[in-house]
Amino acid sequence: MTDRNWRHGWSLPREHYLDEGAYDADLEAVWRRHWLFVAHSCDLRERGDFLVFDLGDESIIVVRGEDWQLRALHNVCRHRGSRIADASGSARRLVCPYHQWTYALDGALRACGGLERELDLDRTELALRRAHVEEAAGLVFVCFAADPPAFDGARRDLERDLSAHALGNANVAARQSYVVNANWKPVWQNNRECWHCHIGHPEYIRANCDTANETDRTRMELQARVAELAAKGLDVDHDDVGLAEFPSAGRWWAVNRTPTVPGFVTESLDGRPVALPMGRYDEHDVGTVRARVLPAFWCHASGDYVVTTRLFPAGPTETRIEVTWLVDGRALEGPDYDLAELLPFWQMTSEQDWALCERNQRGVRSSAYEPGPYSPSRERNVIAFDEWYRAALASVDGAA
């Protein structure tokens, strides 16, 4: 699905945002071959807790086993292929509702209605098929590929910068689900540039230094804030995360810490804390940790709360998105946080983005659309994403 007319530093050809064939190619080259964020560890806190994750025609059950380990099991009964589970829950066994074939939490077949005696079956050959699963810094990822990309580098960087938030013991304060009428790529591209922020995100720019319209004053403020965080032993790599963010198809994650503006100790509408300090933090003013894991995850982690975004394609022109707010595991709604203060900053910023993405998608649908040039400075991470995406498609084309 690579395109000979694809120009480096220019937006993608129209068919990559619209065509059913391009959507199928994306599923094969990107979504079935890379690590996908599916859950928070605190969603699967107890033995027997499970969730169902669907992608196209694929379905996975991610379950916490009796040994406390996570497993990703294909949601396909080994009898006649029925789906076993439709929603999240907790259970001691996984039971297919069609003919009650029963599986242990590790996928082993435990009962098949006596068929093993009738046919002399070896039940060990009929365990649920597995996918790959990894857990890092309280985040859960799965991969459908037989030979997934190495995860160690992503684990190292996620745990380095996010482990202090103790997401594995966090509480989910709120979740909001969206269906955005846009291809998944404009959604990701929009997230990776802030040229649009001064017009599109008035709340975001009041709190953050990393906007495209920097001035001498804002650069001085940023330097001062970096020094303040460094004095607390917090490494800030705001300036190092740009052009080399995703230099090749082998690099699919990035994590960095950046300061908020003077007077803002967290990402809130007025800069004041909205919850207890999280995890190992004993104060709020620690900057924000930003993490991106292609193609399905990004987050902003402040000292008092973390907001994660998970996206998945639901067709050539539709993306399903889940935004989750997490607070410290000790925090109680009411005495320790108020949703009316916790939610607005990222709810407003997210919904502003979804509206921009849908507007962009409507324009790309026009026969008048042609690729346009990116700004090498203000859209450098969009260029890097497009190159990663192109390499992912080429790797499948080359293997065909």
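The values are calculated or read from the model by the stated rules, or taken from the named source; none is laboratory data. Source: prediction; values computed, not measured. Using ideal geometry, Cβ is built from the backbone for each residue, glycine included, and neighbour counts are taken over all protein chains shown.
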Hey, residue 321 touching a Gly at 6+ places or on another chain (Cβ under 7 Å), surrounded by 14 or more Cβ atoms within 10 Å (Cβ to Cβ) and either part of a strand (DSSP E or B) or at pLDDT below 95 (or both) or not: no
Per-region count, region 42-68, residues in a loop (DSSP other than H, G, I, E, B), in contact with a strand residue (DSSP E or B) (Cβ under 9 Å, 6 or more places away or on another chain) and either under 18 Å from residue 111 (Cβ atoms) or modelled with pLDDT of 95 or more (or both): 5
Residue satisfying condition, being without any contact (Cβ under 8 Å) to a residue 12 or more places away in the chain and surrounded by fewer than 19 Cβ atoms within 10 Å (Cβ to Cβ), within set 56, 81: 81
Where residue 390 falls short, out of the listed (1) surrounded by 14 or more Cβ atoms within 10 Å (Cβ to Cβ); (2) modelled with pLDDT of 95 or more: (2)
Pair list, Cβ under 6 Å, 6 or more apart: region 1-29 residue more than 16 Å from residue 387 (Cβ to Cβ) and among the aliphatic types (A, V, I, L, M), other residue modelled with pLDDT of 95 or more and in a loop (DSSP other than H, G, I, E, B): 18/316
Search result, residues across region 324-351 that are assigned to a strand (DSSP E or B) and more than 27 Å from residue 52 (Cα to Cα): 333, 337
Tally, over region 371-389, of residues that are in a helix (DSSP H, G or I) and either farther than 19 Å from residue 16 by Cα or touching a strand residue (DSSP E or B) at 6+ places or on another chain (Cβ under 8 Å) (or both): 1
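Here is a yes/no grid of residues against (1) crowded, with 18+ Cβ neighbours inside 10 Å; (2) closer than 30 Å to residue 37 by Cβ:
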residue	(1), (2)
95	no, yes
100	no, no
108	no, yes
137	yes, yes
148	no, yes
154	yes, yes
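Condition check ((1) in a strand (DSSP E or B); (2) in contact with a Pro (Cβ under 8 Å, 6 or more places away or on another chain); (3) not aromatic (Phe, Trp, Tyr)) across all residues:
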position	(1), (2), (3)
105	no, no, yes
118	no, no, yes
131	yes, no, yes
145	no, no, yes
149	no, no, yes
155	no, no, yes
177	yes, no, yes
188	no, yes, no
Any hit, region 321-332, residues being farther than 24 Å from residue 16 by Cβ and out of contact with any strand residue (DSSP E or B) (no Cβ under 8 Å at 6 or more places or on another chain): yes
Near pairs, Cβ below 9 angstrom, 6+ apart or cross-chain, from region 152-165 (farther than 14 Å from residue 40 by Cα) to any residue that is of a type in the set (Val, Ile, Thr) and outside any helix (DSSP H, G or I): 154/255; 154/293; 157/255; 160/255; 161/255; 161/289; 164/286; 164/289
Tabulated pairs, region 299-323, first more than 22 Å from residue 208 (Cα to Cα) and polar (S, T, N, Q), second assigned to a strand (DSSP E or B) and modelled with pLDDT under 95, C-beta under 7 angstrom, 6+ apart or interchain: none
Single unsatisfied condition, residue 236 versus (1) surrounded by 15 or more Cβ atoms within 10 Å (Cβ to Cβ); (2) within 30 Å of residue 282 (Cα to Cα); (3) at pLDDT below 70: (3)
Residue match in region 276-290 (condition: in contact with a Phe, Trp or Tyr (Cβ under 6 Å, 6 or more places away or on another chain) and buried (at least 22 other Cβ atoms within 10 Å of the Cβ)): no
Residues of region 302-332 satisfying the condition of being out of contact with any Lys or Arg (no Cβ under 6 Å at 6 or more places or on another chain), of a type in the set (Asp, Glu) and within 24 Å of residue 137 (Cα to Cα): 304, 328
Selection status of residue 331, surrounded by 23 or more Cβ atoms within 10 Å (Cβ to Cβ), in contact (Cβ under 8 Å) with a residue 60 or more places away in the chain and closer than 21 Å to residue 165 by Cβ: no
